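Colleague: Next up is a structure, given as structure tokens.
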Amino acid sequence: MAATYDVILKGGTVVNHDGVGARDIGVRNGRIAAIGALGTASSGREINCHGLHVLPGVIDSQVHFREPGLEHKEDLETGSRAAVMGGVTAVFEMPNTTPLTTTEATLADKVRRARHRMFCDFAFYVGGTRENIDDIPTLERLPASAGIKVFMGSSTGNLLVDDAEALELIIAKLSRRAAFHAEDEARLIDRMDKRVSGDPASHPVWRDVQAALIATERLVGLAEKYHKRIHVLHISTADEMRFLADHKQWSSVEVTPHHLTLVAPECYAQHGTYVQMNPPVRDAAHQREIWHGLVQGVVDVLGSDHAPHTREEKDATYPKSHSGMTGVQTLVPMMLDHINNGRLTLERFVDLTSHGPQRLFGVVGKGRIATGYDADFTIVDLKRRQTIRNDWIESRCGWTPYDGREVQGWPVGTIIRGETVMWDGEIAPTAGGEAVQFLEGG
């Protein structure tokens, strides 16, 4: 008797731990039930994937969706629409909202807001502060908690841990991997006079290499002292990458598409404050070393650091302009373009965006195309040429620094737990996002 599935993905080139090859995928009850030649099987629905590559669902482990409190920039619904339009099936969202996500109650509120209102699956970081140090062992294991996030340098919001004692106490309390924004606040304060009014190209002069390196070295030293797992976010300097290459035992490394793509000073001349980020986009020498770290395997994951602001906030005269840019929707197409240009392989991309997050954070049932795992897929057309436009952007702010940029490689389908959430630019009418589960979670 022929096998029966709810959905069959037919004729696609599947990319997973077994390699790259033409295979069908059978889905039953939201999970992968079979991989291989399923020509004799029947199904309630068939998705034609001929000419397309089927990847494990992309997990973006660093986004800022701004809700609650900053919904004029973005909210959980609009941010998740941007995610699925760009082929992203799950996100880890950051705690610098208003109120801050620093308690069990504020985390539960986000989960309530997100369930079946977000189009992708989700988890939320809990901010580590001086005030909640004793609660960290509980907070990092709550349902839907992606773990603890600490800001060592000031950025959007009020989550700043800039004293050595508090940082050490937080790290000593950890049991799961925690994420860190590593810039040294004291150096940032000392160098404020390096900011030139009206000149965003002075941003990387102010937030210089040493500000990043000092914080990263301090952070890694504490992780090694206490044998705690840390995740260093958005590496922007050659110096950090070389240092981290020699300190991988307790440290994992994230890089972003914008640090891999944009180059100073040209990007500031072209885009002004719209490429103003923390930590900043730097020159070609730093970018080369970031790419080298990625190719050498020092880098563990890609995160978009999607951090939207309104045009009014970005158009303010530097340094009053806000730092951050959209990114969750452009992560996949920008990196596919790099793949087509020979900068990395499709298999390495899958490792950075699916296998890597699953492995580092202990995600349950996601990040692999394997029987028994959630039927989460990012379906891409590697040959398709498309120009990124502001009017394609689903984020509330409605802009991207890549407006007008032609890329080769495009996300054409986003499938989450067997449901087609986006296909060829059309988003499903109903949101069905659920909380991501973790091996070390509640």
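Colleague: Tell me whether the stretch 100-108 contains one or more residues that are open to solvent by less than 10 Å² (accessible area, probe 1.4 Å) and either in contact (Cβ under 8 Å) with a residue 24 or more places away in the chain or hydrophobic (A, V, I, L, M, F, W, C) (or both).
Modeller: yes
Colleague: Would you please name the residue that is surrounded by the fewest Cβ atoms within 10 Å (Cβ to Cβ), looking only at residues in the stretch 89-99 that are part of a loop (DSSP other than H, G, I, E, B) and of a type in the set (S, T, N, Q)?
Modeller: Thr98
Colleague: Sort through Trp410, Trp399, Trp423, Trp392 and tell me the only one that's under 19 Å from the mean Cα position of the chain (by Cα), aromatic (Phe, Trp, Tyr) and open to solvent by 10 Å² or more (accessible area, probe 1.4 Å).
Modeller: Trp410
Colleague: For the stretch 199-236, give me each residue that is touching a residue at least 40 places away in the same chain (Cβ under 8 Å), among the aliphatic types (A, V, I, L, M) and over 18 Å from Lys149 (Cβ atoms).
Modeller: Result: Ala201, Val209, Ala211.
Colleague: So, one more: Kindly indicate whether any position in the stretch 433-441 is surrounded by fewer than 19 Cβ atoms within 10 Å (Cβ to Cβ), modelled with pLDDT under 95 and not hydrophobic (A, V, I, L, M, F, W, C).
Modeller: yes
Colleague: In the stretch 34-64, what residues are more than 18 Å from Trp410 (Cβ to Cβ), of a type outside the set (Ser, Thr, Tyr) and either in contact (Cβ under 8 Å) with a residue 40 or more places away in the chain or open to solvent by 40 Å² or more (accessible area, probe 1.4 Å) (or both)?
Modeller: Result: Ala34, Ile35, Ala37, Gly39, Gly44, Arg45, Glu46, Ile59, Gln62, Val63, His64.
Colleague: Against the definition (open to solvent by less than 10 Å² (accessible area, probe 1.4 Å), assigned to a helix (DSSP H, G or I), of a type in the set (A, V, I, L, M, F, W, C) and modelled with pLDDT of 95 or more), how does Leu222 come out, yes or no? Break it down stepwise before answering.
Modeller: On the way: open to solvent by less than 10 Å² (accessible area, probe 1.4 Å): no; assigned to a helix (DSSP H, G or I): yes; of a type in the set (A, V, I, L, M, F, W, C): yes; modelled with pLDDT of 95 or more: yes.
No: the conditions fail for Leu222.
Colleague: Here is a further query. Could you list, in sequence order, all residues of the stretch 363-374 that are open to solvent by less than 10 Å² (accessible area, probe 1.4 Å) and closer than 17 Å to Arg141 by Cα?
Modeller: Val363
Colleague: A follow-up question, please. If you take the residues in the stretch 5-19 that are in a loop (DSSP other than H, G, I, E, B) and more than 19 Å from Gly372 (Cα to Cα), which one is farthest from the chain's Cα centre (by Cα)?
Modeller: Across the stretch 5-19, the extreme among qualifying residues is Gly11.
Colleague: Further, regarding this structure: For the condition more than 17 Å from Glu419 (Cα to Cα) and within 30 Å of the chain's Cα centre (by Cα), what is the one hit in Ala22, Ala41, Ala2, Ala34?
Modeller: Every option except Ala22 fails the conditions.
Colleague: Quick one: in the stretch 69-88, which of the residues that are in a loop (DSSP other than H, G, I, E, B) and open to solvent by 10 Å² or more (accessible area, probe 1.4 Å) is nearest to Ala431 (Cα to Cα)?
Modeller: Asp75
Colleague: Would you check which residues across the stretch 274-321 are part of a helix (DSSP H, G or I), open to solvent by 10 Å² or more (accessible area, probe 1.4 Å) and either over 27 Å from Gly367 (Cα atoms) or charged (D, E, K, R) (or both) and list them?
Modeller: Tyr274, Ala284, Ala285, His286, Gln287, Arg288, Glu289, Arg311, Glu312, Glu313, Asp315
Colleague: Is at least one residue of the stretch 121-144 in a strand (DSSP E or B), in contact (Cβ under 8 Å) with a residue 12 or more places away in the chain and among the polar types (S, T, N, Q)?
Modeller: Taking every residue of the stretch 121-144 in turn, none turns out to be in a strand (DSSP E or B), in contact (Cβ under 8 Å) with a residue 12 or more places away in the chain and among the polar types (S, T, N, Q).
The values are calculated or read from the model by the stated rules, or taken from the named source; none is laboratory data. From a predicted model like this one, the values you see are computed outputs, not experimental measurements. When we count neighbours, we look across all protein chains shown, and the Cβ atoms used for this are built from the backbone with ideal geometry, even at glycine. Note: areas computed on protein heavy atoms with side chains; ligands, DNA, RNA excluded. Shrake-Rupley method; radii C 1.70, N 1.55, O 1.52, S 1.80 Å.
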